[in-house]
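For reference, the structure is listed below as structure tokens.
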Amino acid sequence: MENKIHGNISIIVAIARNNAIGKDNRLLWHLSDDLKRFKKLTTGHTLIMGRNTFLSLPNGALPNRRHIVISDVKEDQFKGCEMASSIDHALQLAGESEECFVIGGGMVYAQFLSMAGKLYLTQVEERFEADTFFPEIDFAQWRAEYTDKIAAGDKNEYPHTYTEYIRI
């Protein structure tokens, strides 16, 4: 696999204080503002994800987005998706022009983290029991471009912070 930086590859993820991102193929929290932000940022773009992440989407392919699903199950075909057999195959399908968002899961994030040019990070101010974690981030490789703190409230169960990072 190539290990060069791909400026059009962005990672978008919400992580807990202990880097937890999921359990039993489900998200660990419901943050209405974060879901709206995800929709606003990714609409009209390409999403790259692993098989289990796609299967966890409640209604299948998300509207107004191109889906590339990485699966090692040759027979897999999901409605509204392009199938990739590897990270390199997904990169090939994605091309190099538009911004592509890697949306999970844990193994896919781990493979893309070293090559992504941008990181949209939501940090949830809580620890969770989980079976899926985001890899450790070397923040020395990233520069924060934008940060916004969100308080807990009616639509957001936990306080959280959005930060957009650019690779240095």
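Would you be able to say whether some residue in segment 69-87 is under 29 Å from Asp148 (Cβ atoms) and either under 12 Å from the mean Cα position of the chain (by Cα) or in contact (Cβ under 8 Å) with a residue 24 or more places away in the chain (or both)? The answer is no; no qualifying residue exists. Only one entry in Glu136, Glu125 is in contact (Cβ under 8 Å) with a residue 60 or more places away in the chain and in contact with a Pro (Cβ under 8 Å, 6 or more places away or on another chain), namely Glu125. The condition of being modelled with pLDDT of 95 or more and in a strand (DSSP E or B) holds for Tyr120.
The set of residues in segment 132-155 being surrounded by 12 or more Cβ atoms within 10 Å (Cβ to Cβ) and part of a loop (DSSP other than H, G, I, E, B) consists of Phe134, Pro135, Ile137, Ala152, Lys155. Checking each residue in segment 83-106 for being of a type in the set (S, T, N, Q) and under 17 Å from Asp72 (Cβ atoms) picks out Ser85, Ser86, Gln92.
Leu31 passes every criterion in (1) modelled with pLDDT of 95 or more; (2) buried (at least 17 other Cβ atoms within 10 Å of the Cβ); (3) out of contact with any helix residue (DSSP H, G or I) (no Cβ under 8 Å at 6 or more places or on another chain); (4) of a type in the set (A, V, I, L, M) apart from (1).
Hey, any hits in segment 58-81 for a residue that's loosely packed, with under 15 Cβ neighbours inside 10 Å and of a type in the set (Ser, Thr, Tyr)? Give the steps one after another, and end with the answer.
Within segment 58-81, the first condition is being loosely packed, with under 15 Cβ neighbours inside 10 Å, and the residues that meet it are 58-60, 63-64, 72-75, 77, 79-80.
Narrowing further to those that are of a type in the set (Ser, Thr, Tyr): none.
So far as segment 58-81 goes, no, none of its residues is loosely packed, with under 15 Cβ neighbours inside 10 Å and of a type in the set (Ser, Thr, Tyr).
Filter segment 110-128 for residues that are touching a Ser or Thr at 6+ places or on another chain (Cβ under 9 Å) and under 10 Å from Ile11 (Cα atoms); which is surrounded by the fewest Cβ atoms within 10 Å (Cβ to Cβ)? Top of the filtered list is Gly117.
Pairs meeting the criteria (first residue in segment 144-168 and in contact (Cβ under 8 Å) with a residue 40 or more places away in the chain, second residue in a loop (DSSP other than H, G, I, E, B) and acidic (Asp, Glu), beta carbons under 7 Å, at least 6 apart or on different chains) are Tyr158/Glu125; Tyr158/Glu126; His160/Glu125.
Mind checking which residues of segment 127-168 are among the acidic types (Asp, Glu) and modelled with pLDDT under 95? Scanning segment 127-168 gives Asp154, Glu157. If you check Asn52 against the conditions, is it surrounded by fewer than 16 Cβ atoms within 10 Å (Cβ to Cβ) and of a type outside the set (Val, Ile, Thr)? For Asn52, the condition - surrounded by fewer than 16 Cβ atoms within 10 Å (Cβ to Cβ) and of a type outside the set (Val, Ile, Thr) - is not met.
The values are calculated or read from the model by the stated rules, or taken from the named source; none is laboratory data. None of the values given here were measured: they were computed from a predicted structure. Here Cβ is always computed from backbone atoms with ideal geometry, including for glycine, and neighbour counts include all displayed protein chains.
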